[in-house]
Amino acid sequence: MAVYVDQRGSAQALLRPCDDGRVRAPRLLGTAVRVPEEDLSDEGRGTAPRTPPVEEPWIGWETRGTHEAADFPLFAPPARWGAEFRGPRTPRPGHTYELAFADPEDSYAYNASVTFDAGQLTAVPAGEVLTLRGTMPRPEFEALARKAC
């Protein structure tokens with residue numbers, strides 16, 4: 001699994017499953033951690049927060065069931081997947097995203113994911129993709145994906 005920004009500036013997803021080209025429950029979940037307002041006044045004083053950070057509700061999209069793998073715009077999975085969307089459909093500062101899928105038959109057999117934020121995504125050099133292993137040229141990613149199976 002990899003993400004990159006194409007020549008038009010659009011975030012893209014590459015899914016490379018093993019076997020028959022199907023994936024189970026592909027999803028893009030973005031989460032942000034918010035520091036409660038009352039603790040912001042203590043910032044820089046070296047004091048412990050009075051209240052724990054609050055994880056915001058996720059944004060992105062998720063699906064159920066098994067689907068044919070595809071390459072697609074990151075925030076617009078294939079319509080036939082019937083994705084449930086939440087929040088904005090562009091990378092948001094302050095959010096960490098995880099794009100993931102599982103083996104169509106058994107998620108213990110294998111699963112794939114890549115975690116990133118908006119800054120990491122926009123910093124991917126032209127011709128390269130961001131993977132769980134970092135950035136790499138797309139041909140190298142394709143070779144690693146075939147080898148992993």
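The values are calculated or read from the model by the stated rules, or taken from the named source; none is laboratory data. The model shown is predicted, which means the values in this text are computed figures rather than measured ones. For neighbour counting, all protein chains shown are included, and Cβ atoms are generated from backbone atoms with ideal geometry for every residue, glycine included. These area figures cover heavy atoms from the full protein model, side chains too; ligands, DNA and RNA do not enter into them. Shrake-Rupley method; radii C 1.70, N 1.55, O 1.52, S 1.80 Å.
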The range 118-132, subset polar (S, T, N, Q) and in a helix (DSSP H, G or I), residue modelled with the highest pLDDT: Gln120
Qualifying positions in the range 85-126 - more than 15 Å from the chain's Cα centre (by Cα) and within 24 Å of Gly21 (Cα to Cα): Asp103, Pro104, Glu105, Asp106, Ser107, Tyr108, Ala109, Tyr110
All strands (runs of 3 or more DSSP E) inside the range 1-65 with 2 or more residues being at negative phi and modelled with pLDDT under 95: 22-31
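Can you tell which of Thr115, Thr135 is open to solvent by less than 80 Å² (accessible area, probe 1.4 Å), assigned to a strand (DSSP E or B), modelled with pLDDT of 95 or more and more than 12 Å from Leu28 (Cα to Cα)? If you could, list the steps in order and put the result at the bottom.
Numbers: Thr115 fails: more than 12 Å from Leu28 (Cα to Cα).
Sole residue among the options that is open to solvent by less than 80 Å² (accessible area, probe 1.4 Å), assigned to a strand (DSSP E or B), modelled with pLDDT of 95 or more and more than 12 Å from Leu28 (Cα to Cα): Thr135.
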Some residue of the range 69-78 being modelled with pLDDT under 95 and out of contact with any Lys or Arg (no Cβ under 6 Å at 6 or more places or on another chain): yes
